[in-house]
1. Run the simple label-point estimate for R301 and R6 please: 7 Å along Cα→C-beta, distance reported in nm.
2. Could you compute the net charge surrounding T164? Neighbours are other residues with a C-beta less than 13 Å from the C-beta of T164; K and R count +1, D and E count -1.
3. At a Förster distance of 35 Å, what's the computed FRET efficiency of L213 paired with T352, Cβ-Cβ distance as r, to 0.05?
4. Determine the share of the stretch 216-257's accessible area contributed by carbon and sulfur atoms, expressed in whole percent, with a 1.4 angstrom probe.
5. Provide the per residue accessible area, probe 1.4 Å, for the stretch 162-231, rounded to a whole number of square angstrom.
6. Is the stretch 92-205 rounded, prolate or oblate when judged by the Cα gyration tensor, a ≥ b ≥ c being the square roots of its eigenvalues, rounded requiring a/c under 1.5 and prolate requiring a/b larger than b/c?
7. Hey, for a label at L110 modelled as a point 7 Å past Cα toward Cβ, could you say which residues of the stretch 130-146 have their backbone N under 16 Å away?
8. Which cysteines does the chain leave without a neighbouring Cys Cβ under 4.7 Å?
Amino acid sequence: MTGAARFEVVVPPPADGSTRARVGRLTLPHGEVETPTFMPVGTNATVKALHPDDLVEVGAQIILANTYHLYLRPGHERIERLGGLHRFMGWDGPILTDSGGFQVVSLADLRVVDDEGVTFRSHLDGSLHRFTPEYAVEVQMALGADVAVAFDQPVPPHSSSRVTVRDAAERTHRWAERSLAAHTRPDQALFGIVQGGLEPDLRAESTRRIASLPFDGICIGGLAGDETPAERAAALDVAVPLLAGDGRVRYLMGLGSPLDLLEAVHRGMDLFDSVMPARVARNGQLWVPGGRINIRNERYRDDPRPVQEDCACLLCRRFSRAYLAHLFRAEELLAYRLATCHNLTFTLDFMTGIRAALRAGTFPEGLPALRSRAARPITRAAAVQPA
Ligand SMILES: [Zn+2]
């Protein structure tokens, strides 16, 4: 372990086994993070449409930046020359960079995976690139986030064969050891990634293997993809109990809807990230307790109320639904900033509420109320149905 991350469980799960949820404190070089919490995603070293002061305002304690995107543009060496990622993007709080594995597999045009690494074409200009575990770590050391992540091979959980899942998990384990050996930056933590898809024995084996290595934190990867919530819950019910005596922070990669976050916290996860709250905001979907508002709907053009009465965000404390509806119709840039501030505030306030319930010891009995408060993001099925 690097010693750059220290994790303490502040409120352990209750002894009656009613939940595995816990409150923790993750101490990183650029600050402390109270868990469970959600990390807004700044793909290109910016959370789209937001100023870093807006991130403080919405309650972000830590943000995520994408290794793959920053490697391609503007280049990790340029960011290093300019003083590292924190200085470059004007954010002095904790940052985590992902390994690039997910983007290489899901975004790059061509990709050839072998035991040494992955060769891929840039989605920007078609140029040819290669990531190995060593190189993904080198790129992340140059970027200089508080937390780097080992290079892995994720596969879509639901639609991959057992052989594909097994091979990807075994490769991920070999790459985890190589990532650890390559990482030499003492002021940066390194997290490892568990794979293993939805196969209980493969998920369990991957959890044991990754947990046996001296990472500073444990990521659960290969979920938040095409699996159902029940399949995700089952995979977590395999992995998390194996980490019961493990003192490290647990991060479920790629999950973003409030209800999904709640269920994963209940199963013992501490950290989350997703582009979802910001992406749906830019499409005019505003999350509110128990539902969502499509601000492009005609009925909001004359609505003088705030988007959410009890929300203290930049949007709700000053502007009406009618004004936001106007901004979206006029394609004014302020629309994206205000809507993003609201959805991230909603998400982070929701996590604050979860932590408060855990502190008060009321989380298990408060679960139904939290479930009904969780916003309902638009689903693929709902998206094609008339409103
Ligand atoms: Zn708001």
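The values are calculated or read from the model by the stated rules, or taken from the named source; none is laboratory data. Everything quoted here is computed from the prediction, not taken from an experiment. Don't worry about glycine lacking a Cβ; one is built from the backbone with ideal geometry, like all the others, and counts go over all protein chains shown. When the accessible area is computed, the model is the full protein with side chains, heavy atoms only, and any ligands, DNA or RNA have been set aside. Shrake-Rupley method; radii C 1.70, N 1.55, O 1.52, S 1.80 Å.
1. Simple spin-label model gives 5.8 nm for this pair.
2. For residues surrounding T164, the net value is 0.
3. Values: r = 33 Å, r/R0 = 0.93.
With R0 = 35 Å, the Cβ-Cβ based efficiency is 0.60.
4. Working: 710 of 1190 Å².
Answer for the stretch 216-257: carbon and sulfur cover 60 percent of the accessible area.
5. Numbers: 2620 Å² over 70 residues.
Ligands and nucleic acids excluded, the figure is 37 Å² per residue.
6. Numbers: a/c = 1.85, a/b = 1.23, b/c = 1.50.
It comes out oblate by the Cα gyration axes.
7. Residues 130-131 qualify, since their backbone N sits under 16 Å from the label point.
8. C219, C313, C341
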